[in-house]
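Read the structure below first, then the notes.
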Amino acid sequence: MNETVIPLVKLAASKQRKREAPKGRTVDPAALAEVQALVGDRPLRHDLLIEYLHLINDRYRQLSAPHLAALARLLGLAQTEVYEVATFYHHFEVAKEDRNGVVPSPAALIVRVCDGLSCEMAGAKELLTRLPELLGGQVRVIAAPCVGRCEQAPVAVVHQKPIARATPAAVRDAVTSGQTLDEPGDAIDFDEYRQQGGYDTLRDCIEHKRDVESVIKTMEDSGLRGLGGAGFPAGRKWRIVRGEAAPRLMAVNIDEGEPGTFKDRVYLERDPHRFLEGMLIAAWAVGISAIYIYLRDEYHGCRALLEAELAKLKENPPAPLPKIELRRGAGAYICGEESAMIESIEGKRGMPRLRPPYVAQVGLFGRPTLEHNFETLYWVRELLEKGASAFASHGRHGRKGLRSFSVSGRVKEPGVKLAPAGITVRELIEEYCGGMQEGHAFYGYLPGGASGGILPASMDDIPLDFDTLQPYGCFIGSAAVIVLSDQDTAKAAARNMMRFFEHESCGQCTPCRVGTAKANTLIAAERWDAPLLAELSQVMRDSSICGLGQAAPNPMDCVIKYFPDEVI
C-alpha cells in the first residue's frame, strides 16, 4: 500500500470511531433518574415526546438541557430531535445556560395576559403595563395570543388559572392566594348523561338497529359541514375515509386557537359526553381502530374534565370502545391545521404537510385518518335522533341549518349564540347579543375570526354562512364574530391580527415566515403603501404551504378595500 494512503485510512477509521460515539452532551445520571421517575411505567414511544416534555415542564417549571438530554436517552432519540420540538411550542420554558453551564432558576410563576383583539379592546394593554410592578420580580408577566375566552375579556392566566374580566387586583389576589389551577366546570357527567338517554344511539348502532349506510346518509342529507373552519361535508368525509384500507385512525381537533373562537370550550364545559358519543358513532360508522383527541393546552379545566369523564366511560362502557388517547397541545396556533395537528400527535414540531396525499389517505402514523373538529361531532347524536330534516329546517336568507357563533367585542352580551345559518350580523347583535354596549355605535366586524377579514357596518346584510362571504374577500371559518364600535379602528384590528400571524407562523415556508413580518412592518406606518401590500398579499396567497399564510393578508386587504380613509 502506498505510504500516503495509510494515514488516510487511519484518519477515516478515526472519524468512524467518532461517529459511533454518543452525540450531544453527556447524560447526567441525576437528571436521567428524575426524568425516569416522572415517566414511570408509561410506554417509551416517540409519539409521546410532547406529553413527557409537559411532565418535566410542569414539575420543574422549565426544560433544562440535562433533562432534555436525559429524555432523549430514554426515548432513544437524538438530542436535536428533542430540542427542536421543545423550542417549537410556546408553552415550554426552555432554560438557557450561561457561559459557565449554570441553569438559571425559573420564575416562581408565569402570568399570561391575552393580547388578542377582544382582550386588547377590553384593556389588556393596561394589564400588561401595571402587572409587572404590582406582582414583583418573581412573577413573570408575558403577553400571550388568544386563550379562547374572548367572551370574558380581558383575560389573564395565572399559571393554569384563567381570570375572567381580569383587573390588576384580581390577578394579584390569585397570585397571593396560590389559586393557580383551573378546576373542571359543572358539566353533565357520565351518570347524568346516561339517565338522559345518552349513548342509546351509539348502542343502537353497535346492536345493528341502525346500519352504517343509513347513518352516513343522514349525515349527508343534513348538510352538516365541518365546523372547525374548512366546512367540508361531514357525511362525505365519513364515506371517503371508510373506503380506505384498514386500519383507519381518527384525530379530533379541539385546538381552537383562532382569535375570537371559544365555542368548542363552552360546549365541552357543558356536555362532554354528547361530543364523546358523536365521536364514537363516527368511529363505528367509519371503522376506526384508535382515536386521538388533541386538546389545546390553554384549556386546563377542560383537560381535567375530559380525563375524568373518559375514565368513567372506559370503566363502564355502554358499548365496545376503540382505543382512545387524549393528547395535550403546547401552545401553537398552527396545530389547528389538520396535518400540523397530526405531526404534533406524532411527537414532532407542528408543521403542515405538503398535500397530496391528504390525511384521509395518509394521515396519522401513515394510516387513513378521519379528522374532525369537536363541534362537528357534538351534533351527531342530535342529527341522528331528530333526523336530517330537523337540522335543515333552520336557517335564514336562503341558508339551511344552525351555526354556533362565538361573539365577542363591543356587544352587551357576548358568548356562544346558536342561531340560524344565514343570519346577518345586525340580526345577531340585536336578537342574540342584547345590542351594542352603551356609548358604542356599530362600526365594523370580523365575521370569521382573525383570518376571516374585516367588514364595515354598512355591509351588515350579508348572510353569515359558508360560501356567502368569499365574494367580499372574507369567510366565516369557525364563525368567530368580533364586533367593532366607533371607538375602534379597523386599522388597529388588522395590526393586532398580523402581529398574531407573525407570532404563530411555524416558519416552514418563506412566504408566510417573511411575509407576515414584512406586512407588520408595512402596516405599522400611518399611511399604507397599498400597491406594495397588494403585491405581498398575492405572493403569500399563491405560495404559502397552508391556510395561515394564505389567509393572513385578509385583514389588511379588507382595511384597504373597505376602510381606505383610515390608511391613505
With 5 Å bins from 0: P(r) over segment 202-243, alpha-carbon pairs, percent: 6, 23, 24, 24, 15, 5, 2
Which value in deg cm²/dmol, rounded to the nearest 500, describes the helix-derived mean residue ellipticity at 222 nm for the chain, given -39,500 (n - 2.57) per DSSP H run of n ≥ 4 and division by the residue count? -13000 deg cm²/dmol
Which order do you get for 201, 489, 521 if you rank them by accessible area with a 1.4 Å probe, largest at the top? 521, 489, 201
To check my understanding: the extent here is largest minus smallest coordinate of the Cα atoms along each principal axis. What are those three numbers for segment 418-568, in Å, largest first? 44, 31, 25
Between residue 526 and residue 59, how high is the FRET efficiency from 1/(1 + (r/R0)^6) when r is the Cβ-Cβ distance and R₀ = 56 Å? Nearest 0.05. 0.70
Ordering of 449-459, 68-78, 475-485, 427-437 by burial proxy (mean other Cβ atoms within 10 Å per residue, highest first): 475-485, 449-459, 68-78, 427-437
Percent of accessible area on segment 161-281 owned by carbon and sulfur, 1.4 Å probe? 46
What accessible area per residue comes out for the chain, rounded to a whole number of Å², with a 1.4 Å probe? 42
Within the accessible area of segment 316-436 (1.4 Å probe), percent carbon and sulfur: 50
What does the convex hull of the alpha-carbon atoms of segment 286-357 project to on average, in nm²? 5.9
Any idea what the alpha-carbon Rg over 2.2 N^0.38 Å comes to for segment 352-473? 1.29
Give the Debye-formula value of log10 I(q)/I(0) at each listed q (0.13 Å⁻¹), with one equal scatterer per alpha carbon of segment 211-270, two decimals each. -0.46
Any chance you could run the full-extension gain for residue 94 through residue 167? It's 0.36 nm times the residue separation minus the Cα-Cα distance, nm to one decimal. 23.3 nm
Give the separation of the Cα centroids, segment 43-73 to segment 203-241, in Å. 39
Residue-wise, which Karplus ³J(HN,Hα) couplings in Hz belong to segment 491-503, taking 6.51 cos²θ - 1.76 cosθ + 1.60, θ = phi - 60°, and x for glycine or proline? 4, 5, 5, 5, 5, 4, 5, 5, 4, 4, 5, 5, 5
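How much space per residue, in cubic angstrom, does the convex hull of the C-alpha atoms of the chain take up?
200
Based on the Kirkwood radius over alpha-carbon pairs, what value in µm²/s does the Stokes-Einstein equation return for the translational diffusion coefficient of segment 211-312 at 25 °C and 0.890 mPa s?
166
The values are calculated or read from the model by the stated rules, or taken from the named source; none is laboratory data. Computed from a predicted structure; not experimentally measured. Backbone-built Cβ (ideal geometry, glycine too); neighbour counts: all protein chains shown. Only protein heavy atoms, including side chains, enter the accessible area calculation; ligands, DNA and RNA are left aside. Shrake-Rupley method; radii C 1.70, N 1.55, O 1.52, S 1.80 Å.
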